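Undergrad: Below you will find the structure I want to go over with you.
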Amino acid sequence: MKILFTYITHPVEPLGIMYLSSYIKQFGHETKLVRIDQQNVLEVVSNFKPDIIASQAMTGGHQEVIEFFRNLKDKFDFISVMGGSHPTFYPHVIEDDGVDICVQGEAEDALADLMNALEKGEDYSKIQNLLVKKDGKVHYNPMRNLREDIDNFPFPDRDIAYEHAIWRNQPIRHFIACRGCAYKCTYCFNNTISKIYEGKGKWVRWRNIDLMIKEIKDVFDRYGGKFVYFQDDIFIMNRPWLEEFSAKYRKEIGIPFHCHVRPNLVDEKSAELLAKAGCYSVHMALETANDELRNTILQRNMPKETVYDAASSLHKHGIRIMLQNMVGLPGSKLQDDIETLKMNMKIKPLYAWVSIFQPYPGLELTEYAAKHGHLDIDYDRIDKKFFETSVLKIEKKRQREHLQKWFGIAAEYPFLYYSGLLHLIINMPRNGLVKDVYTWAWKKFRDSKDEQLYGIELPH
């Protein structure tokens with residue numbers, strides 16, 4: 001059987017698809033990856049002749065995937081499969097006429113079972129983790145138990161991605177050390193999916209360090225590269241694991257790396273372990289300076305002092321910080337976003353990164369926003385990026401969308417705020433010229449900060 005994976009182009013390696021491909025290949029199936037924006041998509045489909053065309057979809061990008069399926073179905077015979085966060089948390093998408101099957105949650109076993117059943121001519125309508133449209137009926141199947149020993153999965157299939165120059169030529173190689181997150185932040189998918197899998201096994205699962213180091217060695221020996229990026233939600237949840245990793249990685253790999261941390265887990269010891277291992281930079285989330293929003297609404301459960309202390313420990317050990325923030329939270333005001341900016345000015349991260357909150361399906365925070373009158377839920381209105389617009393009913397929306405573009409710049413150059421220039425900038429009228437100029441400034445700044453964050457030149 002043949003499966004064609006499709007992906008909306010992004011410079012970050014499609015690690016999920018790479019894992020799926022390597023797993024499916026074990027059963028003798030063929031795989032290929034095509035970018036939706038490729039000019040020769042039709043030629044690829046015609047030549048490869050896939051039995052399945054599969055795409056992962058995040059809310060906001062799901063409409064592009066559906067339209068892609070519809071257009072291809074006019075020309076080719078195949079089963080369309082949508083996976084990812086959107087069908088996991090919004091199963092009604094299976095009712096769309098462009099989608100035949102949805103995969104919910106972790107997809108390796110479900111997708112392999114589907115392909116094996118198709119190859120044998122067996123009924124596939126009852127496969128766990130699948131929503132199947134067949135014979136005029138939608139079959140909503142239960143979730144299967146989690147695979148707790150993730151070391152049983154083969155290494156990701158790099159060849160399927162590195163066929164494409166956008167990933168092959170990147171100096172950054174991506175890896176994971178664990179699956180899952182132990183925390184319950186209301187704006188995060190982890191909170192919701194851990195509930196979906198409740199009673200189905202251990203949600204947070206760590207890889208064997210020796211196997212992970214072998215994978216990293218193999219990748220750099222075969223494909224080259226200059227930097228390691230660990231995509232884990234929180235890299236430092238397991239202190240004994242981190243201690244072992246620090247010693248082995250420094251000795252056997254020694255390539256600078258980037259990872260994600262949580263302020264309450266960063267202390268002198270963890271910062272020292274990261275620095276000794278060769279950690280160059282980290283993502284760390286503040287989200288908002290407002291205590292009520294951060295702890296009660298977002299369920300971050302940490303005071304400002306924890307964030308300041310964590311930043312201080314990282315600064316002390318020479319680890320660069322990308323501080324994550326959100327503007328436009330439900331029930332918040334423009335002044336809350338300004339206070340978050342001012343807190344970033346005090347912390348002085350290398351990069352004050354900020355997004356606009358998007359009410360994705362399944363999130364507790366989305367339900368909160370709807371309950372309190374901040375949202376009329378229409379997921380088709382959500383942009384595929386979380387940097388452009390807010391769909392919430394919030395005060396001074398235009399100013400806050402403008403602030404998102406200038407947030408990092410103002411954190412870097414505080415005179416913009418203290419001189420009053422930022423006030424003038426965010427109060428400019430909404431028109432095409434303003435949007436283009438602000439977006440250009442934001443992208444130029446973001447590109448420069450990305451290179452500083454990883455200490456290498458990146459293709460643009």
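The values are calculated or read from the model by the stated rules, or taken from the named source; none is laboratory data. All figures in this text were calculated on a predicted structure; none of them were measured in a lab. As a convention, Cβ positions derive from the backbone with ideal geometry for all residues, glycine included, and neighbour counts pool all protein chains shown.
Undergrad: What are the residues in segment 335-364 that are among the hydrophobic types (A, V, I, L, M, F, W, C), outside any loop (DSSP other than H, G, I, E, B) and modelled with pLDDT of 95 or more, if any?
TA: Of everything in segment 335-364, those that are among the hydrophobic types (A, V, I, L, M, F, W, C), outside any loop (DSSP other than H, G, I, E, B) and modelled with pLDDT of 95 or more turn out to be Ile338, Leu341, Met343, Met345, Ile347, Ala352, Trp353, Val354.
Undergrad: OK, next. Going through segment 388-410 one residue at a time, which ones are surrounded by fewer than 23 Cβ atoms within 10 Å (Cβ to Cβ), under 22 Å from the mean Cα position of the chain (by Cα) and either part of a helix (DSSP H, G or I) or at pLDDT 95 or above (or both)?
TA: Listed by number, the list holds a single entry, Glu401.
Undergrad: On to the next question. Pick from segment 1-58 the residues that are of a type in the set (Lys, Arg) and touching a Phe, Trp or Tyr at 6+ places or on another chain (Cβ under 7 Å): which of them is surrounded by the fewest Cβ atoms within 10 Å (Cβ to Cβ)?
TA: This residue is Lys2.
Undergrad: Looking at the structure I just gave you, is Arg320 more than 23 Å from Glu388 (Cα to Cα), among the charged types (D, E, K, R) and assigned by TED's automatic domain parsing to the domain that holds Gly180?
TA: Yes: the conditions hold for Arg320.
Undergrad: Inside segment 162-208, can you point out the residues that are of a type in the set (A, V, I, L, M) and either modelled with pLDDT of 95 or more or within 28 Å of Leu298 (Cβ to Cβ) (or both)?
TA: Within segment 162-208, Ile172, Ile176, Ala177, Ala182, Ile193, Ile196, Val204 meet the criteria.
Undergrad: How many of the residues in segment 128-160 are without any contact (Cβ under 8 Å) to a residue 40 or more places away in the chain and in a helix (DSSP H, G or I)?
TA: Of the residues in that region, 2 qualify.
Undergrad: Just give me the residues in segment 435-458 being within 25 Å of Phe230 (Cβ to Cβ) and out of contact with any helix residue (DSSP H, G or I) (no Cβ under 8 Å at 6 or more places or on another chain), in sequence order.
TA: Asp447, Ser448, Asp450, Glu451, Gln452, Leu453, Tyr454, Gly455, Ile456
Undergrad: With the requirement that a residue be under 20 Å from Asp149 (Cβ atoms) and assigned to a loop (DSSP other than H, G, I, E, B), what does segment 182-201 give you?
TA: Hits for segment 182-201 are Ala182, Tyr197, Glu198, Gly199, Lys200, Gly201.
Undergrad: Would you point out which residue out of Ala165, Ala110, Ala182 is farther than 30 Å from Ala285 by Cβ, surrounded by fewer than 20 Cβ atoms within 10 Å (Cβ to Cβ) and of a type in the set (A, V, I, L, M, F, W, C)?
TA: Just a single option satisfies the conditions, and that option is Ala165.
Undergrad: Please find, within segment 248-262, the residue that is farthest from Ile213 (Cα to Cα) out of those that are touching a residue at least 12 places away in the same chain (Cβ under 8 Å) and assigned to a helix (DSSP H, G or I).
TA: Filtering first and then ranking leaves Arg250.
Undergrad: Hey, does segment 319-334 have a residue that's small (Gly, Ala, Ser), in a helix (DSSP H, G or I) and crowded, with 24+ Cβ neighbours inside 10 Å?
TA: no
Undergrad: Any residue at all in segment 22-32 that's modelled with pLDDT under 95 and among the β-branched types (Val, Ile, Thr)?
TA: Checked against the condition, which is being modelled with pLDDT under 95 and among the β-branched types (Val, Ile, Thr), segment 22-32 yields no hits at all.
Undergrad: Tell me, please, whether a residue that is crowded, with 21+ Cβ neighbours inside 10 Å, touching a residue at least 60 places away in the same chain (Cβ under 8 Å) and assigned by TED's automatic domain parsing to the domain that holds Cys185 can be found in segment 206-216.
TA: no
Undergrad: Kindly evaluate Ala271 against the criterion of being small (Gly, Ala, Ser) and surrounded by 16 or more Cβ atoms within 10 Å (Cβ to Cβ).
TA: So Ala271 fits the description; yes.
Undergrad: Given the conditions (1) touching a Lys or Arg at 6+ places or on another chain (Cβ under 9 Å); (2) in a helix (DSSP H, G or I), report the number of the one that Val99 does not fulfil.
TA: With (1) touching a Lys or Arg at 6+ places or on another chain (Cβ under 9 Å); (2) in a helix (DSSP H, G or I) applied to Val99, the lone miss is (2).
Undergrad: Oh, and also: Looking for something touching a residue at least 40 places away in the same chain (Cβ under 8 Å), of a type in the set (S, T, N, Q) and not in a loop (DSSP other than H, G, I, E, B) - is there at least one such residue anywhere in segment 112-127?
TA: Within segment 112-127 (the criterion being touching a residue at least 40 places away in the same chain (Cβ under 8 Å), of a type in the set (S, T, N, Q) and not in a loop (DSSP other than H, G, I, E, B)), the answer is yes, since at least one residue qualifies.
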